[in-house]
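Reviewing the structure listed below.
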């Protein structure tokens, strides 16, 4: 019983950290990276399809992404998707290759992005703490139903808190790495 609760809590806390990492990947750091446009979808014969399934996304240099569609008729559709995404990017087309230059980030914009990273990290911590709350409620219910005794309950609570501390530290680590990446120029 206790093992299942701890395993479920660890799994859910891990997913919270992964979700934070995925969210932070979408933030622009000043360096070209395919994940900046990975989440975009384009209209491909009436269906919304991820950009990576209709084109090759590559890093041309530190400040330029190149997108090569599999089909020539996808060029204007991909350009429109990038412009409509409000990423502050202006694609340039040369034949079938779309180049997306990344403008350098200003100091003020870097601070704003760092602040945004802190907010996302705080939401990640809240998600981890919500998982802890659910696990502690499950333990309390098990204690009320006499499935576990007081000692097991206290020991499990301590273990759940240790899990929480571990995953909150992971959230901090992911956040610190992203902030460092943003502030390096």
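Only the coordinates and a few stated rules stand behind these numbers; no lab work does. Quantities reported herein were computed from a predicted structural model and do not represent experimental measurements. For neighbour counting, all protein chains shown are included, and Cβ atoms are generated from backbone atoms with ideal geometry for every residue, glycine included.
Before anything else, pin down the relative contact order of the stretch 1-54: Cα pairs under 8 Å, at least 6 apart, normalised by residue count, whole percent.
Computed over the stretch 1-54, the figure is 18 percent.
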**Asked** With a ≥ b ≥ c the root eigenvalues of the C-alpha gyration tensor of the stretch 92-185, is it rounded (a/c under 1.5), prolate (a/b larger than b/c) or oblate?
**Response** prolate
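Please label the shape of the stretch 8-117 as rounded, prolate or oblate, based on the square roots a ≥ b ≥ c of the eigenvalues of the alpha-carbon gyration tensor (a/c under 1.5 means rounded; beyond that, a/b larger than b/c means prolate, else oblate).
It comes out oblate by the Cα gyration axes.
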**Complete:** Measuring from the longest principal axis of the C-alpha atoms of the chain, the long axis of helix 107-144 (C-alpha) lies at a number of degrees, nearest 10, equal to 30 degrees
**Prompt:** Of (i) 18; (ii) 45; (iii) 31, which one was derived for percent of Cα pairs over 28 Å apart from the structure shown?
**Reply:** (ii)
**Item:** Rounded, prolate or oblate (a/c below 1.5 giving rounded, otherwise prolate when a/b exceeds b/c) for the stretch 15-70 by Cα gyration tensor
**Value:** oblate
**Prompt:** Relative contact order, percent, of the chain when contacts are C-alpha pairs under 8 Å separated by at least 6 residues?
**Reply:** 26 percent
**Fill in**
Cβ density ranking, 10 Å radius, fewest first, applied to 64, 23 yields 64, 23
